[in-house]
Amino acid sequence: MSEVVSLAGFSVTRYGLFRLFKYAVYCLLAYNVYAFFLENHTAATTIFADGVSFNKVIEAYNDSIDTLAWVLLLLVFELETWVLADEKLKGSTKWLLNAISAVCYVFIVYSFYGYVSEMVSLTHLLPATASACDLAGSGGWSIVLGQDDYVALTAANCGSLADSQLLRLAEAQVLGDAAVWREIQWLAWVDVINAGAWLLVVAILAFDVWLQLRHELSDSMMRYSQVVKGLLYFTLLLCAIYWGFNGSFLDFWDAFLWLVAFFFIELNLFEWQAETSTD
């Protein structure tokens, strides 16, 4: 597969630009690991004021751990579907790629659990027992402005919550308007749906690669796989659009880049399958 010089009619020059664009997208996704780490670390200092215990690491740094695992898994798919020739995908090389994939799957599934845990924790909201300004005087409280967006509650900003229906997290000193909490809950649900859809995508894609290595990925199975994955990609696109309107730009940008990246992987698989089916 790596010996193919053209891709879907691209000339050598255009193919070179295509590869440059593809690997630029991969690099941007790798940078997002750092961007999510900074965002998670800022939020963790508020939610886990007493420090992040070991069993809470996945919940506190869920986005960054999840993105790192996905970047590594993306590179494995790129190696399997394009870079390495079929005859090299065996023996110690195949075992190494399988081991990396297995570790990534563990963290991806665990991150999915983290998204579910975060969503469940957001259902544990309690009415505030005092006004925002009274709580500001006691110290240690924060205001939630959006998902992973917090500021310290002070006498200077407590007045902004004077006419709000105040709710607080059951396990943290975080205060917010009921409407803001509802928006965050919806975003948490989208996180869960997005993570679940991606799990199904990579499961089907891994099965496609396994069949292709056995030369058993027929045209009919390929079409069926593409239909199912197409529905999942559409779901993921809807999640990205939702983040574009209601979430952070980083969430939208990351979701968009992942869709583009896996479009490249799907092209790789299509070319690989077409190449071997004509042999």
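The values are calculated or read from the model by the stated rules, or taken from the named source; none is laboratory data. Given the structure is predicted, the values throughout are model-derived calculations rather than measurements. Positions of Cβ are generated from backbone atoms using ideal geometry, with glycine treated the same way; all protein chains shown enter the neighbour counts.
Kindly list the number of the only condition in (1) at pLDDT below 90; (2) among the aliphatic types (A, V, I, L, M); (3) out of contact with any Gly (no Cβ under 7 Å at 6 or more places or on another chain) that fails for Leu79.
Checking Leu79 against (1) at pLDDT below 90; (2) among the aliphatic types (A, V, I, L, M); (3) out of contact with any Gly (no Cβ under 7 Å at 6 or more places or on another chain), the one that fails is (1).
Here are Ser225, Ser220: which of them is more than 30 Å from Gly244 (Cβ to Cβ), assigned by TED's automatic domain parsing to the domain that holds Thr42 and surrounded by fewer than 20 Cβ atoms within 10 Å (Cβ to Cβ)? Quick ask: steps written out before the conclusion?
On the way: Ser225 fails: more than 30 Å from Gly244 (Cβ to Cβ).
On inspection, the qualifying residue turns out to be Ser220.
Just to be sure before I move on: is Leu126 at negative phi and surrounded by fewer than 19 Cβ atoms within 10 Å (Cβ to Cβ) in the structure I sent?
Numbers: at negative phi: yes; surrounded by fewer than 19 Cβ atoms within 10 Å (Cβ to Cβ): yes.
The answer is yes for Leu126.
Just one of the numbered conditions (1) assigned to a helix (DSSP H, G or I); (2) assigned by TED's automatic domain parsing to the domain that holds Leu267 is not true of His215; which one?
(1)
Examine the stretch 13-21 for a residue that is of a type in the set (Gly, Ala, Ser) and more than 26 Å from Leu213 (Cα to Cα), and state whether such a residue exists. So that I can check it myself, show each step before the final result.
Going residue by residue through the stretch 13-21, those that are of a type in the set (Gly, Ala, Ser) are 16.
With more than 26 Å from Leu213 (Cα to Cα) added as a condition, the list becomes 16.
The answer is yes; a qualifying residue exists.
Considering (1) more than 18 Å from Ile47 (Cβ to Cβ); (2) modelled with pLDDT of 95 or more; (3) surrounded by 16 or more Cβ atoms within 10 Å (Cβ to Cβ), say which one Trp181 fails and leave the rest.
The one condition Trp181 does not meet is (1).
In contact (Cβ under 8 Å) with a residue 12 or more places away in the chain, over 18 Å from the mean Cα position of the chain (by Cα), closer than 29 Å to Gln173 by Cα and outside any helix (DSSP H, G or I): does that describe Leu135? Walk me through how you get there before you give the answer.
Numbers: in contact (Cβ under 8 Å) with a residue 12 or more places away in the chain: yes; over 18 Å from the mean Cα position of the chain (by Cα): yes; closer than 29 Å to Gln173 by Cα: yes; outside any helix (DSSP H, G or I): no.
So Leu135 does not fit the description; no.
If you take the residues of the stretch 173-218 that are in contact with a helix residue (DSSP H, G or I) (Cβ under 7 Å, 6 or more places away or on another chain) and among the charged types (D, E, K, R), which of them is farthest from Ser142 (Cα to Cα)?
Asp208
Is it the case that some residue within the stretch 236-253 is part of a helix (DSSP H, G or I), assigned by TED's automatic domain parsing to the domain that holds Leu205 and closer than 14 Å to Val202 by Cβ? Quick ask: steps written out before the conclusion?
As a first pass, look at the stretch 236-253 and keep what is part of a helix (DSSP H, G or I): 236-246, 249-253.
Now narrow it down to the ones that are assigned by TED's automatic domain parsing to the domain that holds Leu205: 236-246, 249-253.
Filter once more, keeping what is closer than 14 Å to Val202 by Cβ: 236.
The answer is yes, given that some residue of the stretch 236-253 is part of a helix (DSSP H, G or I), assigned by TED's automatic domain parsing to the domain that holds Leu205 and closer than 14 Å to Val202 by Cβ.
Looking only at the stretch 141-159, filter to residues that are within 33 Å of the chain's Cα centre (by Cα) and hydrophobic (A, V, I, L, M, F, W, C); which one of those is surrounded by the fewest Cβ atoms within 10 Å (Cβ to Cβ)?
Of the residues in the stretch 141-159, the ones within 33 Å of the chain's Cα centre (by Cα) are 141-153.
Pick out the ones that are also hydrophobic (A, V, I, L, M, F, W, C) and you get 141, 143-145, 151-153.
Working: Trp141: 21, Ile143: 25, Val144: 25, Leu145: 14, Val151: 11, Ala152: 13, Leu153: 25.
The qualifying residue surrounded by the fewest Cβ atoms within 10 Å (Cβ to Cβ) is Val151.
Of all the residues that make up the stretch 177-205, how many are part of a strand (DSSP E or B) and under 21 Å from Val52 (Cβ atoms)? Explain how you work it out, then say what you get.
So the first thing to find is which residues in the stretch 177-205 are part of a strand (DSSP E or B), and the list is 177.
Applying the additional criterion that residues be under 21 Å from Val52 (Cβ atoms) yields none.
Number of matching residues: 0.
Given the residues Thr67, Thr93, Thr42, Thr81, which is the only one that is over 24 Å from Ile204 (Cβ atoms) and not charged (D, E, K, R)?
Result of the check over Thr67, Thr93, Thr42, Thr81: Thr42.
For the stretch 92-112, which residues satisfy the criterion of being of a type in the set (Phe, Trp, Tyr) and either surrounded by 14 or more Cβ atoms within 10 Å (Cβ to Cβ) or in contact with a Lys or Arg (Cβ under 8 Å, 6 or more places away or on another chain) (or both)? Spell out how you get there, then give the answer.
Just the residues of the stretch 92-112 that are of a type in the set (Phe, Trp, Tyr), to begin with: 95, 105, 107, 110, 112.
Result: Tyr105, Phe107, Tyr110, Phe112.
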